[in-house]
Amino acid sequence: MITDSAIAGLAFYAFSAVLIACAVMVVTSRNPVHSVLFLILGFFNAAALFLIAGAEFLAMILVIVYVGAVAVLFLFVVMMLDIDFVRLREGFQRYAPIGAVIGGILFLELIFVLVTWQSSGEAGGLRLNPTPSAVSNTQAIGQVLYTDYVLLFQGAGLVLLVAMIGAIVLTHRDRARSRRQDIQAQIHRRTQIEMASVPVGASIGDMGILRPLPPEEPKPKAVAHGHGGHAGHDDHGHGGGHH
Amino acid sequence: MADFLNTPVGIFALTVAQALALLVPLLIAVAFMTLAERKIMAAMQLRKGPNVVGPFGLLQPFADAGKMLMKETIVPAGASKVLFIMAPMLTFVLAMIAWAVIPVNEGWAIADINVGVLYLFAISSLGVYGIIIAGWASNSKYAFLGALRSAAQMVSYEVSMGFVIVTVLLCVGSLNLTDVVLAQKNLWFFIPLFPMFIIFFISTLAETNRAPFDLPEGESELVAGFFVEYSAMTFALFFLGEYANMFLMSALTSTLFLGGWLPPFDVAPLNWVPGPIWFILKICFCMFVFVWVRATLPRYRYDQLMRLGWKVFLPFSLVWLVLTAFALKIFGWLPA
């Protein structure tokens with residue numbers, strides 16, 4: 001007769017086996033895009049393991065955050081990068097021992113955590129009843145996260161905010177010399193149809209229809225930006241009237 | 001019989017039967033939706049639409065399906081074969097499995113799980129993989145550009161969708177979809193949360209890559225976008241998946257804002273109508289708006305799309321979320 005726990009055990013071994021196979025394929029597959037796809041499959045199996053353990057909230061968050069957002073951007077980057085596969089494999093011999101040492105340390109830490117969890121007296125109560133009865137998994141996490149660990153939670157948020165601001169500061173380039181769409185100006189434009197007689201051979205820049213560009217900021221000559229320095233290339237050499 | 005249904009085999013058989021009872025009508029609805037869309041758009045543009053195959057063109061979807069089945073599936077020479085075949089299957093399967101948690105009536109969900117809303121959100125955020133894999137595996141410029149656009153678009157609009165869902169959940173106090181519907185017994189959420197309802201609907205348009213946000217397939221610039229290399233059955237699977245996703249998003253909108261299976265007013269002639277009928281009517285209304293929008297609005301430009309997502313919807317939904325939380329707290333309306 002098939003029992004529920006037997007099915008859960010079977011599912012656990014199936015998902016674990018696929019997870020480990022995926023992890024191996026992430027490292028060994030030749031194409032980085034395939035690696036990322038195997039990583040995604042690995043995330044998915046980890047989420048399934050969370051579900052079997054009864055942590056449904058964590059499982060869904062793992063899928064939403066890692067598979068739905070982080071891995072998409074990851075895949076995005078890997079697809080866009082022009083990667084030389086041969087050069088990628090070059091340092092494998094040299095870096096393999098370092099990787100093995102780091103992996104070994106992580107493995108030891110995992111063993112420590114599990115042994116402590118199994119043997120410590122204080123963990124005994126928690127082990128028996130990880131979530132209070134009559135409270136759903138999601139509520140239980142919320143109750144702990146926003147009370148006992150609220151400072152750590154806020155701290156983690158701050159770290160992420162700093163990382164985000166840092167990324168923006170590092171990559172943002174202010175394009176003052178390019179024209180942007182100003183939706184407010186467009187909406188509040190005069191609505192009657194304007195007719196103008198255009199002299200033969202005149203460009204749109206001579207008509208004074210375009211908004212003038214903001215004045216060019218003085219820049220040190222040595223810094224060659226992609227967008228500055230060739231104003232004559234634009235179609236509006238001399239800004240005309242303003243609407 | 002009751003004994004058999006409690007054994008694992010019985011539960012399995014029952015689940016398969018329930019899934020078929022949901023998916024077969026869904027696929028038929030998808031087939032007729034393709035016809036309905038053409039008919040509605042034709043009416044809006046003063047044309048007749050398909051009217052040759054069968055009475056009123058009713059057999060047109062089956063003629064189209066027959067054509068798709070007969071055609072040859074072409075795999076481009078430079079394509080990554082496994083991924084190329086896998087992408088449409090992934091799109092289709094994801095559009096199907098999300099229906100597992102949708103409650104059609106009280107207690108009529110295949111899986112009435114505690115985190116139903118999160119499950120739906122997770123599955124809908126996975127939809128981008130079918131597109132991005134298709135674009136990459138086709139080994140074609142147009143397909144790849146379409147896939148990149150789609151990935152950026154879906155990730156952007158998911159953020160504001162997430163905030164809208166959180167606002168609804170604040171008013172419900174549960175992640176269970178049945179609870180979400182039951183919390184709207186007195187007042188459907190689209191009335192108190194009207195701006196969020198609008199944001200959510202527009203975001204679902206972007207999430208399903210529908211007009212006016214159908215940039216991933218923008219035929220005037222990218223030929224057909226991510227599925228330009230697909231033909232026959234693989235193309236049909238993308239098509240079915242896209243329409244099933246539209247139905248799913250309509251169902252989600254109905255569940256979150258339009259009171260799911262509940263009648264508009266709990267009075268005599270209205271509450272005689274069974275719940276599933278109300279639910280189907282609400283889905284049909286949302287689908288009609290999908291088509292109406294497509295027939296009315298021109299396609300957005302890419303920078304306008306990104307501006308709308310990040311500079312308009314995201315700040316607005318964030319502020320509205322905080323306001324809702326304050327209002328619930330101050331007036332003591334927080335659900336227990």
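The values are calculated or read from the model by the stated rules, or taken from the named source; none is laboratory data. Quick caveat: nothing in here was measured; it's all calculated off a predicted structure. All Cβ positions, even for glycine, are placed from backbone atoms using ideal geometry, and neighbour counts span all protein chains on display. What goes into the accessible areas is simple: the full protein's heavy atoms, side chains included, and nothing from ligands, DNA or RNA. Shrake-Rupley method; radii C 1.70, N 1.55, O 1.52, S 1.80 Å.
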### Mean accessible surface per residue for the range B:132-176, computed with a 1.4 Å probe while every protein chain stays in place, in Å²
27
### Task
Can you tell me which of B:193-199, B:53-59 comes out highest on packing, and rank the rest after it, using the mean Cβ neighbours within 10 Å?
B:193-199, B:53-59
### Query
If you keep only loop residues by DSSP, which GluC sites (Glu not before Pro) in the range A:45-118 have at most 16 other Cβ atoms within 10 Å of their Cβ?
none
### Task
Only counting protein heavy atoms at a 1.4 Å probe, give the residues of the range A:35-58, ordered by number, whose accessible area falls by 10 Å² or more when the other protein chains are present relative to the chain alone.
A:LEU37, A:ILE40, A:PHE44, A:GLU56, A:PHE57
### Cβ charges +1 (Lys, Arg) and -1 (Asp, Glu), total dipole of chain B, debye
740
### Message
Can you return the lysines within cross-link range of B:LYS141? Criterion is Cα-Cα under 21 Å, with same-chain partners fewer than 8 residues away left out.
### Response
B:LYS81
### Summary
One finds, for A:VAL18 and B:THR15 with R0 = 25 angstrom and r their Cβ-Cβ distance, a FRET efficiency to the nearest 0.05 of 0.70
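At a Förster radius of 41 Å, what calculated FRET efficiency corresponds to the Cβ-Cβ distance of B:LYS141 and B:GLN45, to the nearest 0.05?
Details: r = 32 Å, r/R0 = 0.79.
Computed FRET efficiency for B:LYS141 and B:GLN45 comes out at 0.80.
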### Task
Treat each spin label as a single point 7 Å out from the Cα along the C-beta direction, and report the B:THR296 to B:LEU328 distance in nm.
3.1
### Task
Calculate what fraction, in whole %, of the accessible area of the protein assembly as shown sits on carbon and sulfur atoms when a 1.4 Å probe is rolled over the protein chains.
70
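Starting from the eigenvalues of the Cα gyration tensor, five times each then square-rooted, give me the equivalent ellipsoid semi-axes of the range B:1-82, largest first, whole Å.
37, 24, 11
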### Query
Using alpha-carbon positions, what is the distance between the centroids of the range B:64-94 and the range B:241-264, in Å?
28
#### Entry: Lys/Arg +1, Asp/Glu -1 at C-beta; the range B:180-269 dipole; positive extreme among B:VAL181, B:ILE202, B:GLY225
B:VAL181
#### Entry: Counted charge near B:SER174, where neighbours are those whose Cβ lies closer than 15 Å (Asp, Glu -1; Lys, Arg +1)
-3
### Task
Just need log10 I(q)/I(0) for the range B:143-220 at q = 0.14 Å⁻¹, Debye formula, equal scatterers on the alpha-carbon atoms, no solvent, rounded to two decimals.
-0.55
### Message
Counting only other chains, and only Cβ atoms inside 10 Å, what mean value do you get across the residues of B:108-117?
### Response
2
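If you place +1 on the Cβ of every Lys and Arg and -1 on the Cβ of every Asp and Glu, how big does the dipole about the Cα centre of the protein assembly as shown come out, in debye to the nearest 20?
Numbers: 33 positive and 33 negative charges, 243 e Å.
For the protein assembly as shown, the charge dipole is close to 1160 debye.
In square angstrom and rounded to 100, what buried accessible area do you get between chains A and B, total over both, with the probe at 1.4 Å?
Numbers: alone 19670 and 16570 Å², together 33920 Å².
In total, chains A and B hide about 2300 Å² from solvent.
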### Query
Across 10 Å bins from 0, what is the distribution of all Cα-Cα pair distances for the protein assembly as shown, in whole percents?
3, 12, 22, 25, 20, 12, 5, 1, 0, 0
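Over the range B:69-127, average the accessible area per residue using a 1.4 Å probe and give it in Å², no decimals.
Roughly 45 Å² per residue, with all protein chains present.
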### Query
In the Gaussian network model of chain B, springs joining C-alpha atoms below 10 Å, which of B:ASN51, B:ASN176, B:ASN139 carries the largest mean-square fluctuation?
B:ASN51
